[in-house]
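This report refers to the structure that appears directly beneath it.
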Amino acid sequence: MDTFSACMKQKYGPTQVNEDCVRRMAGAGHRRLSENWKERLNMPLTTEELQRAVNKGGENKAPGRDGIGTDFFKATWRAFKDDMLELFPRMFFERKVTEQQKRGVILCIPKTAQPTYPTDFRPTTLLNNDYKAIARILENQMRPALVELIHPSQYCGVHGKSIFDAGATVRDAITYAEVASIPLCVLSLDFKEVFEKILQAYLFNTLKSHGFSDAFIEGIKHMYANATSVVQINGHISGLIPIRSSVRQGWPLSTTLFPLCLNPLLHRLDQQHNGFRIQQRQHKTAVVAYADDVTILVTAPEDISVIRNAIQCNEATSAVLNQALAVGTWDTKLQVLDIRYADEIKVLSFSMQKTIARAGKSSWTRITNVVKIQAREAYSRDRGL
């Protein structure tokens, strides 16, 4: 228990960063929320919005410390909808969420058959459902506004874009560089423990620079203020662990807040390095992102220093480059931030290689092998019957 508690305290503890860099990165040139959306986010909660948030919670999900699951809210909707309609807005705008309601329970799920170290476990945080219901309401309200705010290179959480569009954009860039003999280096950006390492001060600064109202930001701050978790192992509960960094794993609003936190980095990369223009497309493509999966397209050696500076200044998100793929006529003698060149990299689980033919063969070979194994097992079962 002591080992896991110490590990979680380190994971969610404060991170030392350059505060000037945090302010400059959070204020990087990006779009601001319109006055219309500011007003809409501060409007009274409607019954329809509340019901949508309540119904969005999955069935038979593990509850938080209070033992109340989403099924309870659904089953008692008719009896308590008026109370919830009054209570949830007060919890957010009047700062009525208690520290007990913000407290999570961390369960450590083994990643391997024989786990030995804390890193062999995947921490999963269970949160109280009233706390999560507020997050779902805010998520539903904020998501349509993201279309105005999110950088065009971000494909996650934006209506009309999908993970397949992001993968296809990277594939098209590789194909065009190969056919046209254009130098291209595809860099894979990795965010280590991404949700846990986001600085909350950076999150609040980013919301402010995006134009969210002071009242809305203060409400978000209150949802994080004095938040804690405990580790539960075999029924035993640890002491309190302060959550001083993180957008909170298991909290529905996190998947909306994280793209906003990533927005300044995407803007900076897009504005300050050359990028890649695929055939006759009007706009260049410098970076392709789907949530925390970020791919950078480099065509000129001088862009490497720009990318290094952007990543170093964006230390609030703990991003590091981990792989590079040389395509077309890119010179592999060029050192790219001391990372190795690979023959294959994964972009959104899609195989990307130096030539599109090799990537296609590699991807389809894996798929056909899986199908063959499944067919062989099914055939064996049929013969056994």
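Being within 17 Å of D165 (Cβ to Cβ) and part of a helix (DSSP H, G or I) narrows it down to one of P264, P259, so name that one.
P259
From Q114, Q100, which residue is open to solvent by 90 Å² or more (accessible area, probe 1.4 Å) and part of a loop (DSSP other than H, G, I, E, B)?
Result: Q114 is the single residue among Q114, Q100 that is open to solvent by 90 Å² or more (accessible area, probe 1.4 Å) and part of a loop (DSSP other than H, G, I, E, B).
Considering every residue within segment 128-150, establish whether at least one is modelled with pLDDT under 90, within 18 Å of L33 (Cα to Cα), within 19 Å of the chain's Cα centre (by Cα) and not in a helix (DSSP H, G or I).
Yes, because at least one residue in segment 128-150 is modelled with pLDDT under 90, within 18 Å of L33 (Cα to Cα), within 19 Å of the chain's Cα centre (by Cα) and not in a helix (DSSP H, G or I).
Can you tell me how many residues in segment 235-288 are over 26 Å from P301 (Cβ atoms) and in contact with a helix residue (DSSP H, G or I) (Cβ under 9 Å, 6 or more places away or on another chain)?
24
Taking the options N322, N309, name whichever one is open to solvent by 10 Å² or more (accessible area, probe 1.4 Å), in a strand (DSSP E or B) and polar (S, T, N, Q).
Of N322, N309, the one residue that is open to solvent by 10 Å² or more (accessible area, probe 1.4 Å), in a strand (DSSP E or B) and polar (S, T, N, Q) is N322.
Take the residues of segment 242-292 that are polar (S, T, N, Q) and in contact with a Lys or Arg (Cβ under 8 Å, 6 or more places away or on another chain): which is most open to solvent (accessible area, probe 1.4 Å)?
The residue in question is N274.
Which of the residues belonging to segment 164-198 are assigned to a helix (DSSP H, G or I) and farther than 16 Å from I296 by Cα?
Result: F164, E178, V179, A180, V194, F195, E196, K197.
Across segment 54-97, what is the number of residues that are of a type in the set (D, E) and open to solvent by less than 50 Å² (accessible area, probe 1.4 Å)?
0
Find all pairs meeting these conditions: Cβ atoms under 9 angstrom apart; at least six residues apart or on different chains; first residue within segment 357-379 and in a helix (DSSP H, G or I) and modelled with pLDDT under 75; second residue surrounded by 11 or more Cβ atoms within 10 Å (Cβ to Cβ) and not polar (S, T, N, Q).
Pairs that qualify, where the first residue is in a helix (DSSP H, G or I) and modelled with pLDDT under 75 and the partner is surrounded by 11 or more Cβ atoms within 10 Å (Cβ to Cβ) and not polar (S, T, N, Q), are A359/R171; A359/I174; A359/E344; A359/F350; A359/M352; S362/E344; S363/F350.
For segment 126-143, check the following and say yes or no: at least one residue is small (G, A, S), in contact with a Ser or Thr (Cβ under 6 Å, 6 or more places away or on another chain) and surrounded by 14 or more Cβ atoms within 10 Å (Cβ to Cβ).
no
Residues S229, S153, S181, S238: which one is buried (at least 20 other Cβ atoms within 10 Å of the Cβ) and either among the aliphatic types (A, V, I, L, M) or over 30 Å from E35 (Cβ atoms) (or both)?
S229
Among the listed residues K61, K56, K96, K102, identify the single one that is of a type outside the set (A, V, I, L, M, F, W, C), within 21 Å of R244 (Cα to Cα) and within 27 Å of the chain's Cα centre (by Cα).
Criteria check complete, one pass: K102.
Which condition number in (1) at pLDDT 90 or above; (2) more than 30 Å from G360 (Cα to Cα); (3) open to solvent by less than 30 Å² (accessible area, probe 1.4 Å); (4) not small (G, A, S) is the one that L199 fails?
(1)
The values are calculated or read from the model by the stated rules, or taken from the named source; none is laboratory data. Computed from a predicted model, the values in this text were never measured in an experiment. Cβ coordinates were reconstructed from backbone atoms using ideal geometry, including for glycine residues, and neighbour counts include every protein chain displayed. Side chains included, ligands, DNA and RNA excluded: accessible areas come from the protein's heavy atoms. Shrake-Rupley method; radii C 1.70, N 1.55, O 1.52, S 1.80 Å.
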